[in-house]
Amino acid sequence: MMGGNRVGGAAPTAPALLSADVVTPAANSYSQSGGAANAKASRSGSQPRTRRERGEPVILAKGPLGRFIVRGQTARALVALVQAGKAGVTALEVSNWAYRLGAYVHRLRHENGLAIVTEREAHDGGWHGRYVLRCPVTLLEAGQ
């Protein structure tokens with residue numbers, strides 16, 4: 001359980017969520033096992049099937065609209081935004097795990113009511129966006 005970590009305060013104690021191991025997909029047991037009849041039996045002991053078995057991160061947080069739960073990559077994006085504080089994050093900075101940072105930010109904005117701004121940063125050849133959390137968010141609890 002994490003104590004109330006807020007934007008701009010101490011960094012949350014959840015770095016494992018940003019560097020979690022990725023589960024490598026196992027071979028397609030359906031096609032190799034002779035069809036649906038044997039698919040369930042051949043999966044036992046292979047690739048994890050549930051979120052809990054995969055070790056998917058789950059975050060309970062409190063934002064401007066109250067408490068909410070986020071899971072998976074969206075949870076990791078929330079932790080990254082809170083840890084970054086006013087500096088924000090870019091897709092390049094989290095590219096080792098966040099392949100769709102814009103989608104995770106969209107979810108946090110529209111499903112959880114978080115104020116996240118996109119600041120444009122110019123560079124040779126164009127610009128990129130830096131996402132900055134502009135509302136108070138408290139990470140209440142982290143789990144797998």
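The values are calculated or read from the model by the stated rules, or taken from the named source; none is laboratory data. Computed from a predicted model, the values in this text were never measured in an experiment. Quick reminder, even Gly has a Cβ in these numbers, built from the backbone with ideal geometry, and neighbours come from all protein chains shown.
Structure values in brief
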| quantity | calculated |
| --- | --- |
| Residues located in the stretch 80-92, provided they are in contact with a Leu (Cβ under 7 Å, 6 or more places away or on another chain) and either within 17 Å of H110 (Cα to Cα) or not hydrophobic (A, V, I, L, M, F, W, C) (or both) | L81 |
| Exclusive hit being modelled with pLDDT under 95, among the aliphatic types (A, V, I, L, M) and crowded, with 20+ Cβ neighbours inside 10 Å, set A61, A80, A122, A142 | A142 |
| Given (1) in contact with a Gly (Cβ under 6 Å, 6 or more places away or on another chain); (2) of a type in the set (A, V, I, L, M, F, W, C); (3) surrounded by fewer than 20 Cβ atoms within 10 Å (Cβ to Cβ); (4) touching a residue at least 60 places away in the same chain (Cβ under 8 Å), index of the condition W97 fails | (1) |
| Breaking point among (1) under 23 Å from G72 (Cβ atoms); (2) without any contact (Cβ under 8 Å) to a residue 12 or more places away in the chain; (3) in a strand (DSSP E or B), for R109 | (3) |
| The stretch 65-77 - residue that is assigned to a helix (DSSP H, G or I) and either touching a strand residue (DSSP E or B) at 6+ places or on another chain (Cβ under 6 Å) or not small (G, A, S) (or both) and, of those, surrounded by the fewest Cβ atoms within 10 Å (Cβ to Cβ) | Q73 |
